[in-house]
Amino acid sequence: MKLTFLSRKTPNGTSSFKYKNKRIRRGVFSAITATGLVLSGLFAAAPAATANPGDEQYRPAYHYTPAQNWMNDPNGLVYHNGLYHLFYQYNPFGNTWGNMSWGHATSTDLLHWQEQPLAIPNDVEQDIFSGSVVVDTNNTSGLGGPGQTPLVAIFTSNYKAPSPRNGTQAQSLAYSLDNGQTWTKYSGNPVLTRNTPSFRDPKVFWYDSPQGGYWVMVAVEAMDHKVLLYKSTNLKNWDYLSDFGPENATGGQWECPDLFPLPVDGNPANTKWVMTVNINPGGVAGGSAGQYFVGTFDGTTFHSETSYNGDPLPAGTRIADFNGGNYQGWTVSNEPGNWLNGPFGSAPATGTLPNQNPVSGFAGTGLVNSFVDGDWPLGRMESPSFTVNSQYINFLVGGGRHPRISNKLDNNPPAGDLLFNGFEVPDGTTLANAGWTGTADLAPNFQPATVGGDYYIGAKRVNTYETGGAPGDDRQGTLTSPEFTVTRNFMSMLVGGGNRSPESGQTLQVELLINGNVVRTLAGDNQGALNWKGWDVSQFLGQQARIRVVDQATGPWGHLTLDHIMLTDQSAVPRSDETTVNLVVDGQVVRTATGSDSEVLDWASWDVAEFTGRQAKITIVDNNRFGWGHILADEFFASPEPARKGLENYEWLDWGRDFYASVSFNNVPDGKRIMLGWMNNWDYGQSIPTSPWRSAMALPREVSLAQTPAGPRLVQKAVDQMATLAGPPSYTQGAGPMTAGTQPLPSSSWGQTQRVDITFSPGTAATAGLRVMDDDGANATVIGYDAGTAKLFVDRRNSGNTSFSSAFPSVESTAVARDANGDITLRIYLDRSSVEVFAQGGTHTITDQVFPVAGANRMALFATGGTAQLKSLTVTPLAAAMFQP
């Protein structure tokens, strides 16, 4: 990934950079001309596991996870000599991204995986990025000796200093002569280079041609949204064939392509080719996702038959456009003091602005683009008043995903009493002089800090990064205030930095102590910007209290920043660091929308029928200074129908948040096409509350092509081997009404490692479905069907632990047609921290991670607005496949 850098301050206050795109897996780093180094001697054993891997609260029972540390993309998927090989992006030294190398696991059945020694480690000049493995049966590469069949890995060398290729990515080889157990980097690496920073992710396969077979490589120029095709007869020398793209979703970098043939409805006389391309960000549900194209491949060029050229502008009356070279009566308020009159400038943009990734999806010659002067400036636009006279307002929106969370756009403190003078101790003194006590790196003589964070007040604040003998996230200790009396009902304060879930085994929080006991806690949101947070302390009125800062955390975001602690009469109102488009009626925001961390504008719709005949205004707000801190908007229409989002017109491998970098296995028996994806999302992947591992693979899926009214489309199912994990059904229920409300199911249906098969008709209900991993209270994952929108949905907003990232709570949906009987049929796999939903025989899938509260294992039927009809329900326990004797 190419990062767009903007000079800013890091959370620790040092001069550094912020990047617009959130993903750091790949980039403008890079790697070496590798020597013929045998790798197995360096890493002779798999990483040490925890005492009882498999027993952790969120550890999947039948999805692959390494015993410990960070994992992302599946790589080198291949079947050879009775074993399935899964290689993957792996950090041997920690559970966040870094030190990218190839981890390795093997299985005889795609379910029971054994972690193997590290396969291909990074080195001083290169990180080992994604790629593929082929069985070189005829030893075309010459890398095997007489009678040997080498396994050859084709991977991306991500070159870094001190390599002379620093800053570029190229394709390299490694080979194994012992069935994948040890690997040697080819001495002639790289074998294919374009001298560019984002050329990566080679998938290689053998193509049989009447003129003779050859190897075909598909790889990406990630930022150009292109798949490049090459051919070779020996895996070492490559000739350019063609390229594909940009097509369909282009809101983020393209990655991890694949290309393979499939017969339509099993008919080999009617074979199509499928090209898959993963994208981040810019997925249909936000962040990371995989799209696919169906078409033809003649050995040279792939031609898509499913590219979508876009709809015309929606029917209706135009409220506003920005094609006249001016803002046409809108009031524009740009923050003073910035270099270029940002964020909106004095006139609409005509497209992409300096230092911005390519902007697309707007109509006409102009649009609102608040990237004038980069992400830093803040501002607001307001339309002239108009009368609401339609059911819908449709408009194009893009840019950052920062939703509106309050009416507060400034950082001004609330009314109340300031404690500890806001840490503004006299120069030359410390908190030790102000009566604070502390331990270890948080001894009070190290505080307050004068650097770190954003949106602090004054010059000084507590910063547990800037403390102790040297700055860093590994500084630890406690810092305790002098006593004060609780004299008001609430406490408010500015807090930034990191947080830690209980599962991490680390503590990072601000505490309120009464009589020495912890009665309230709060922490940051893994953000450099401090924001207002607080507590209701009314029950402690008149009592003596202390504040204690506890930092027992290490690793990224292992620090807190704290400022301006106050006693107040009202609860804390967080500052809304939003990038939004809003409808304002009677001075109140009644509808709001935000971007999706994409420079591609897409349609959004508001149902505004309830405001018919009333006066309204549209506001466009950029109140965010940091990553993706800008908004794009264009073409406002009053319309009788909602506009369909452009992303929903494309073909997606999965409609959930957590299915990315999916590629297929080479050399699978019986010609089956089996795909595997990374079950995570770069929007929040490094923050999910798992330890000592982070990330799982989704279930391996067999994919096929079926004829539909729209043409051949992919159908997916979990591999047949999943049946070997199934025990006898624990609960069945026949036909009957699903009345409005929630119908808890008996304890025989409860569990967190299950397959659930349900068929129901929506009947008169507005929505109907299942609540799973339910704690018999407010927390559950809701899987249902919305009859009004004809969409299947997964709602994880109240699924349990969602606080580790503001990007995590979400509702995913996809349009699903009822069958000939008017029914919806779902097969659902539950595995402790995930749900995978296969609808209508696998024509649509939704994969989401969830992190339920401890003990949340109940299940219930639900319906709203009427009565649905259950046709059948079967719950089948699934045995564990991972970390078994």
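The values are calculated or read from the model by the stated rules, or taken from the named source; none is laboratory data. Predicted model, so just to flag it, every value in this text is computed and none were measured. Here the Cβ is made from the backbone with ideal geometry for all residues, glycine too, and neighbour counts use every protein chain on show. Ligands, DNA and RNA are stripped out before the accessible areas are found, and what is left, the full protein with its side chains, is counted by its heavy atoms. Shrake-Rupley method; radii C 1.70, N 1.55, O 1.52, S 1.80 Å.
Some points to look at:
- If only residues of the range 316-340 that are closer than 15 Å to VAL621 by Cα and of a type outside the set (Ser, Thr, Tyr) are counted, the one that is surrounded by the most Cβ atoms within 10 Å (Cβ to Cβ) is ASN334.
- Tally, over the range 532-572, of residues that are surrounded by fewer than 17 Cβ atoms within 10 Å (Cβ to Cβ) and modelled with pLDDT of 95 or more: 11
- Set GLY290, GLY310, GLY282: member being touching a residue at least 60 places away in the same chain (Cβ under 8 Å), surrounded by 13 or more Cβ atoms within 10 Å (Cβ to Cβ) and in a loop (DSSP other than H, G, I, E, B): GLY282
- Residue list for the range 140-188, filter: open to solvent by less than 20 Å² (accessible area, probe 1.4 Å), more than 14 Å from ASP127 (Cβ to Cβ) and of a type in the set (Phe, Trp, Tyr): TRP183
- The listed residues are THR271, THR300, and the only one of them that is in a strand (DSSP E or B), touching a strand residue (DSSP E or B) at 6+ places or on another chain (Cβ under 8 Å), at pLDDT 95 or above and among the polar types (S, T, N, Q) turns out to be THR271.
Rundown of residues vs (1) small (Gly, Ala, Ser); (2) surrounded by fewer than 16 Cβ atoms within 10 Å (Cβ to Cβ); (3) under 32 Å from the mean Cα position of the chain (by Cα), yes/no style:
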| position | (1), (2), (3) |
| --- | --- |
| ALA349 | yes, no, yes |
| VAL359 | no, no, yes |
| VAL372 | no, no, yes |
| MET381 | no, no, yes |
| PRO384 | no, yes, no |
| GLY416 | yes, no, no |
| PHE420 | no, no, no |
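- Residue among ASP127, ASP136, ASP109, ASP123 that alone is crowded, with 23+ Cβ neighbours inside 10 Å and either of a type in the set (D, E, K, R) or without any contact (Cβ under 8 Å) to a residue 12 or more places away in the chain (or both): ASP127
- Picking from residues in the range 189-225 that are over 17 Å from TRP273 (Cβ atoms) and of a type in the set (Asp, Glu), the one that is surrounded by the most Cβ atoms within 10 Å (Cβ to Cβ) is ASP201.
- Here ASP410 fulfils each of the conditions (1) crowded, with 16+ Cβ neighbours inside 10 Å; (2) among the acidic types (Asp, Glu); (3) farther than 19 Å from LEU583 by Cα apart from (1).
- All positions within the range 788-801 that are part of a loop (DSSP other than H, G, I, E, B), without any contact (Cβ under 8 Å) to a residue 60 or more places away in the chain and out of contact with any Lys or Arg (no Cβ under 9 Å at 6 or more places or on another chain): GLY788, THR789, ARG797, ASN798, SER799, GLY800
- Across the range 626-649, the qualifying residues are those that are hydrophobic (A, V, I, L, M, F, W, C) and more than 14 Å from VAL600 (Cβ to Cβ), and the one among them that is nearest to the chain's Cα centre (by Cα) is PHE626.
- Residue that is farthest from GLY316 (Cα to Cα), among those in the range 640-656 that are out of contact with any Ser or Thr (no Cβ under 6 Å at 6 or more places or on another chain) and open to solvent by less than 20 Å² (accessible area, probe 1.4 Å): TRP652
- Residue within the range 568-577 that is in a strand (DSSP E or B) and under 30 Å from TRP628 (Cα atoms) present: no
- Any chance THR864 is open to solvent by 10 Å² or more (accessible area, probe 1.4 Å), among the β-branched types (Val, Ile, Thr) and in contact with a Pro (Cβ under 6 Å, 6 or more places away or on another chain): no
- Filtered residues of the range 839-860 (kept if surrounded by fewer than 24 Cβ atoms within 10 Å (Cβ to Cβ), of a type in the set (A, V, I, L, M, F, W, C) and in a strand (DSSP E or B)): ALA839, ALA860
- The condition (being modelled with pLDDT under 95 and surrounded by fewer than 18 Cβ atoms within 10 Å (Cβ to Cβ)) is satisfied by just one residue among ALA432, ALA470: ALA470.
- Among the strands (runs of 3 or more DSSP E) confined to the range 422-537, there are none with at least 3 residues that are under 22 Å from PRO574 (Cβ atoms) and of a type in the set (D, E, K, R).
- Out of ASP757, ASP775, sole residue that is closer than 30 Å to GLN686 by Cα, surrounded by 15 or more Cβ atoms within 10 Å (Cβ to Cβ) and among the acidic types (Asp, Glu): ASP775
- Pairs where the first residue, in the range 723-752, is under 14 Å from GLN869 (Cα atoms) and the second is outside any strand (DSSP E or B) and not hydrophobic (A, V, I, L, M, F, W, C), C-beta under 7 Å, 6+ apart: PRO737/THR867; MET738/THR867; THR739/THR867; ALA740/GLY865; ALA740/GLY866; ALA740/THR867
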